[in-house]
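Working notes, beginning with the structure itself.
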Amino acid sequence: MVTSRQERAPTFGEEIDLLFMELFKAKAPYEIRKRELLKLQKRWIEKARTPARRLAVQRIIVKTLLTEAFGFDMPWKEFGRWLRRLQQLGFHDLGMRVHVACLYVQLLHLFPRQARDAWEMLEDVERRALRLRRDRPLRQEHLESIAHAKKVARVRRPPTSSPYRGDAGIQA
C-alpha cells in the first residue's frame, strides 16, 4: 500500500523548507533562525542512521547558517564561525565551495582583514570551475557566480607580495 504525503513523516529537505517558510513569514531575526536551525539539526542527527547522513545534515545546516549570517550582515565572529565549521566538515561539492567563496568575498566590507584569505578561496574555486569540461552546464553557472561576486565585492584583492623582495612588495 502506498502512503500519501500527509501520512508519512516529512523528509529533511521538506522540513527545512517548511521551517524557512515559517521564519520568513514571521520575519524572524538571525538569532531565532540560528536557534531553530540548530534544533532541526539536533533532531535530524539523532534520526540519522549512518555517519554519512549525520555529516550531510551538518553540512546543510552549517551552509544555511553561513548563508543566513551573510544575509544579516553578521560580523566576522559569527560569519567566520560558520565558515570555519564548514571547512572542518568539508565541502560536499564544487557548487557549495563556489557559494561559500562568493559570499565570503561579498561580505569583506565588514571584515576587510580577511581579504587575502577570501580572495584566495575565490581564485581557488575559479580554477576548479575552469577545469570542468566546457560542455558542463554547471561550469558556466559557477563562473557567472564568481564573476558576479568579483563585480560587487566592495573590498578588492590585496596586492600580492613579490617573492623576489624581502620587503613584501612595499616600494621605497
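The values are calculated or read from the model by the stated rules, or taken from the named source; none is laboratory data. Because the structure is a prediction, the values reported are computed rather than measured. Using ideal geometry, Cβ is built from the backbone for each residue, glycine included, and neighbour counts are taken over all protein chains shown. Heavy atoms of the whole protein, side chains included, go into the accessibility calculation; ligands, DNA and RNA do not. Shrake-Rupley method; radii C 1.70, N 1.55, O 1.52, S 1.80 Å.
Worth a mention:
- Any hit, the range 89-97, residues being open to solvent by 50 Å² or more (accessible area, probe 1.4 Å) and more than 22 Å from P51 (Cα to Cα): no
- Pick from the range 73-84, criterion closer than 19 Å to R154 by Cα and in a helix (DSSP H, G or I), ranking: most open to solvent (accessible area, probe 1.4 Å): W76
- Matching option when the condition is assigned to a helix (DSSP H, G or I), surrounded by fewer than 14 Cβ atoms within 10 Å (Cβ to Cβ), outside the structural domain of I32 (by the TED database) and free of Cβ contacts under 8 Å to residues at least 60 places away in the same chain, among D124, D135: D124
- The set of residues in the range 3-57 being of a type in the set (S, T, Y) and either open to solvent by 50 Å² or more (accessible area, probe 1.4 Å) or under 23 Å from R85 (Cα atoms) (or both) consists of T3, T11, Y30, T50.
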